[in-house]
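A.B. asks: Here it is, the structure in full.
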Amino acid sequence: MFESNTDTESVDPQGARYVALAQGLQTRIAVGELRPGDRVPSVRELGAQSGYSVTTVLRAYEHLELLGLVESRPRSGYFVRAVPAAVRTLPQTIHSSPQLQPSLISADLVSSVLDTVSQPGLLQLSHATTAPELMPVAALNRIARNLIKEQPEQSLSYMMSPGLERLRQQIAGRLSACGVPAVADDVVITTGALEAIHLCIRMLTRPGDTLLMESPTYYCLLQIAEECGLRVVELPNDPVHGIDPDDVRRAIQRHRISAALFVQNFNNPTGSVMPDAAKREVVSLLNAAEIPLIEDDIYGEIGFSGVRATPFKAFDEDDRVLHCGSFSKTLSPGLRVGWVLSRRHHRELSRRKFTTSCATASLPQLIVSRYLETGGYERHLRKLRSELARSVARISDAVLREFPVGTSVARPQGGFVLWIELPKQIDAMEMFRRAAQQGIAISPGILYSADGRYHHHIRLNCAVSWTPALEQALRTLGKLAAALL
Ligand SMILES: Cc1ncc(COP(=O)(O)O)c(C=O)c1O
């Protein structure tokens, strides 16, 4: 569906302008200055007010349309969409006790949830994975076949840590383009982002140490903290702006923090993104306290605005941020190609990668490298972002239509998971069990904090095609939620 062979365009230079314009209107809608049904300024009016070209204004409106905030009416212009009231409320962040042990959420519970959702035949809205039709599967297969024929030895022999040099150059090049000065020698290739994060945590902490994280956050990161015997301090993660630098400041004053681990570019599960100024402030606070920051930037390239979200690493003058990423969300999770970038710790990370798993599989490294060279990655990303934005908007609308009053959904600005807060009386674990019995896999919110406090929340994967079966599944979920009220 998204096959392309050449890559002629890079990220749109107009991007930042139309996004800024769209964000201005988004704020006016959010604060109620523009109300549902209101006509927004015409393209010509907004062009005159802002000084931007008609093309830029049109792109801003198209973007707002994609997000489900405005609609165009033939020959009348753009109007603020009349959406259900629940759209305007966002899931609340629940504050936690000051310091927690992740073991409060047992590994057994996580395993049993994963076992349930991995049963064959379920409609899969649980795992954060992209449907194959959204990925360049045919191009990747073609490249794999050619590589085995052309480079049989390299494809099948060890590619020792730190990994394929050309791929490390390409990753460094992509990061340099978004403000992270990097060279191939700073990069270690890992088996997915999770291995990168694991290596960093094991290198930087000892059992009993304290890790600074956000809440809610991806449950696997909590599981790693548990395995490493760490305590965690969880900072409230606002569903729009992520964590607050003031909370970071207070946590540094109150606790002995060994390292921070943040997912602030399209957080899983909220989809929030921290503004650049806040990122700069957080990096400066952590650097001043000499606390390393492990940055999980796995969703950074799939923001709906079309502009690559700035990594924390771009603000890091002391080289204390360890940037972790992978191609799992943009090309294929099965390739298991990720990285960690850190000049300060490069040698040790490379050594630890070697003793952990010797090498990341060679063929996937070669496949990703050749795809980046010839496969039209930028074009694929552009299509992927807009498909994901559309799908998230469509599933959000369906949830607000089908679920009981009192349900609120996050407004992800990137990535592809949807965080949903149900009315407080609903036990989301019970809903999870009943959904599985009805053939639908969802992710219960209880997994996303160290003490399981998101017990009336669920997360849905939106990187799926819109089909009658999906529509029906969302209706069924709405009924299950209502029955549990
Ligand atoms: C925030 C976050 N980090 C890491 C991962 C895993 O990344 P990888 O498959 O590259 O190991 C995921 C996958 O869902 C994720 O959501």
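A.B. asks: Taking GLN413 and the conditions (1) polar (S, T, N, Q); (2) touching a Lys or Arg at 6+ places or on another chain (Cβ under 8 Å); (3) open to solvent by 50 Å² or more (accessible area, probe 1.4 Å), which numbered condition does it fall short on, given that it satisfies the others?
C.D. replies: Every listed condition holds for GLN413 apart from (2).
A.B. asks: Still on this model: Being small (Gly, Ala, Ser) and within 14 Å of the ligand (Cβ to nearest atom) is the filter here; which residues of the stretch 119-148 pass it?
C.D. replies: Within the stretch 119-148, SER126, ALA128 qualify.
A.B. asks: Let me ask you something else. Condition check: under 20 Å from the mean Cα position of the chain (by Cα) and either open to solvent by 10 Å² or more (accessible area, probe 1.4 Å) or within 16 Å of the ligand (Cβ to nearest atom) (or both). Does LYS329 satisfy that?
C.D. replies: Yes, satisfied.
A.B. asks: Taking the stretch 195-237 on its own, how many of its residues are among the acidic types (Asp, Glu), out of contact with any strand residue (DSSP E or B) (no Cβ under 6 Å at 6 or more places or on another chain) and buried (at least 22 other Cβ atoms within 10 Å of the Cβ)?
C.D. replies: Kept after step one, since they are among the acidic types (Asp, Glu), are these residues of the stretch 195-237: 195, 209, 214, 226-227, 234.
Still in the running and out of contact with any strand residue (DSSP E or B) (no Cβ under 6 Å at 6 or more places or on another chain): 195, 209, 226-227.
Okay, now just the ones that are also buried (at least 22 other Cβ atoms within 10 Å of the Cβ), so 195.
Of the residues in that region, 1 qualify.
A.B. asks: Can I ask one more? Which of the residues spanning the stretch 117-150 are crowded, with 17+ Cβ neighbours inside 10 Å, assigned to a helix (DSSP H, G or I) and under 26 Å from the mean Cα position of the chain (by Cα)?
C.D. replies: VAL117, LEU134, ALA139, LEU140
A.B. asks: Now for a separate question. Tally the residues that are in contact (Cβ under 8 Å) with a residue 24 or more places away in the chain and crowded, with 16+ Cβ neighbours inside 10 Å, restricting the search to the stretch 47-60.
C.D. replies: Going through the stretch 47-60 one residue at a time, the tally reaches 6.
A.B. asks: Show the residue pairs meeting these rules: Cβ distance below 7 Å; 6+ apart or different chains; first residue within the stretch 70-81 and on the phi > 0 side of the Ramachandran plot; second residue not in a loop (DSSP other than H, G, I, E, B).
C.D. replies: From residues that are on the phi > 0 side of the Ramachandran plot, the pairs are GLY77/ARG39.
The values are calculated or read from the model by the stated rules, or taken from the named source; none is laboratory data. As the structure is a prediction and not an experimental result, all values here were calculated from the model. With ideal geometry, Cβ positions are generated from the backbone for all residues, glycine too; neighbour counts draw on all protein chains shown. To get the accessible areas, we keep the full protein, side chains included, count just its heavy atoms, and leave off ligands, DNA and RNA. Shrake-Rupley method; radii C 1.70, N 1.55, O 1.52, S 1.80 Å.
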